[in-house]
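Engineer: The following block contains the structure, expressed as structure tokens.
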Amino acid sequence: MPLPLGHAAIGLATQDVCFRDHSVTTRWTYVLFIAILANLPDMDVLMGLLFQGNGNAYHRGPTHSVVFAFLMGFLASNAWRLWTHIPKLNFLACFMIILSHLAADFFLTSSAVSFFWPLEVHWATGYKGWGDVFNLVFLGGFRDVGIIITCGVIMILKRAVIQIRHHALGERRSGQV
Ligand SMILES: [Zn+2]
């Protein structure tokens, strides 16, 4: 089950693989921004804890939908206009990073995701108090090691493929001269 670190790694890999600008993942403000976006749908856990004392009360509902990813993607891609310290990522990148959270929850967990809310909604069941969530986020992070390593390997492979392509292109050009 992806936890905040796992979702952050998946978000970073999504940005890295889908978009050309590699320098993004070497700047800490961008890394932090991507990590926040990749975890944004789980703000419903915090809302559940604050309003009901149960992190599962609103979990996997509207914030785990394409509509949410679309709206938040739009807001996030324009947030730099309010404060220049906020990194500038285009709408598609923000949308895809938030969407990566839904995909990870859908493929890596057994509980349903409300992809097409308001047409469908699947709330999480059971109870998760402050202690459960705290333990999961701060002490359970090691469970995501496999996800983090996989994302790292994907990012390294992408760079290797680009290097090989550049090399092949350079050789072809020098052969033509
Ligand atoms: Zn989630």
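Engineer: Which residues' amide hydrogens lie under 5 Å from the amide hydrogen of GLY140, considering only partners 5 or more residues apart or on another chain, with H built in the peptide plane?
Structural biologist: The list, which skips near neighbours in sequence, is empty: none.
Engineer: Between LYS88 and LEU50, what FRET efficiency follows from the Cβ-Cβ distance if R0 is 30 Å, with the result rounded to 0.05?
Structural biologist: Efficiency computed from Cβ-Cβ geometry: 0.45.
Engineer: Still on this model: With each pseudo-label sitting 7 Å past Cα toward Cβ, what's the ARG27-PHE142 distance in nm, one decimal?
Structural biologist: Placing both labels 7 Å along Cα→Cβ, they lie 3.6 nm apart.
Engineer: For an R0 of 35 angstrom, estimate the FRET efficiency from the Cβ-Cβ distance between LYS158 and PHE106 and round to the nearest 0.05.
Structural biologist: 0.90
Engineer: Right, here's the next one. Using each residue's phi in region 67-81, evaluate 6.51 cos²θ - 1.76 cosθ + 1.60 at θ = phi - 60° and report the 3J(HN,Hα) Karplus result to the nearest Hz, with x for Gly and Pro.
Structural biologist: Ordered by residue, 3J(HN,Hα) equals 4, 4, 4, 5, 5, 5, x, 5, 4, 5, 6, 10, 4, 4, 5 Hz.
Engineer: Can you pull the three principal axis extents for the Cα set of the chain, in Å, largest first?
Structural biologist: Here the Cα extents, ordered largest to smallest, are 71, 36, 32 Å.
Engineer: Where in the chain is the longest stretch that carries no trypsin sites (Lys or Arg not before Pro) classed as loop by DSSP and with at most 13 other Cβ atoms within 10 Å?
Structural biologist: So the longest stretch without any such site is 28-177.
Engineer: Among ASN78, VAL45, LEU99, whose Cα sits farthest toward the positive end of the charge dipole of region 1-114 (+1 at Cβ of Lys/Arg, -1 at Cβ of Asp/Glu, about the Cα centre)?
Structural biologist: Checking the options against the dipole of region 1-114, the answer is ASN78.
Engineer: Under a 5 Å amide H to amide H cut-off, with H placed in plane at 1.01 Å, what residues pair with HIS122 once short-range neighbours are removed?
Structural biologist: Under 5 Å from the amide H of HIS122 lie the amide H atoms of SER114, each far enough along the sequence or on another chain.
Engineer: On to the next question. In whole Hz and in residue order, list the ³J(HN,Hα) couplings for region 124-137 that follow from phi through the Karplus curve 6.51 cos²θ - 1.76 cosθ + 1.60, θ = phi - 60°; x for Gly and Pro.
Structural biologist: With coefficients 6.51, -1.76 and 1.60, one gets 6, 10, x, 10, 9, x, 4, x, 4, 5, 4, 4, 5, 6 Hz.
Engineer: What is the distance in Å between the Cα centroid of region 110-144 and that of region 16-77?
Structural biologist: 14
Engineer: Something else: For ASN78 and GLU171 in one chain, what is 0.36 nm times their gap in residues minus the Cα-Cα distance, to one decimal in nm?
Structural biologist: 29.3 nm
Engineer: Over the Cα atoms of region 97-158, what radius of gyration and what Dmax do you get, in Å?
Structural biologist: When restricted to the Cα atoms of region 97-158, Rg and Dmax are 14.6, 41 Å.
Engineer: Ok, one more. Quick one: 3J(HN,Hα) in Hz for region 31-48, Karplus 6.51/-1.76/1.60 with θ = phi - 60°, rounded, Gly and Pro as x.
Structural biologist: 4, 5, 4, 5, 4, 5, 4, 5, 9, 3, x, 7, 5, 5, 5, 5, 4, x
Bear in mind that the values in this text are calculations on the coordinates, not laboratory data. Keep in mind that what you see is a predicted model, and the values were worked out from it rather than measured. For neighbour counting, all protein chains shown are included, and Cβ atoms are generated from backbone atoms with ideal geometry for every residue, glycine included.
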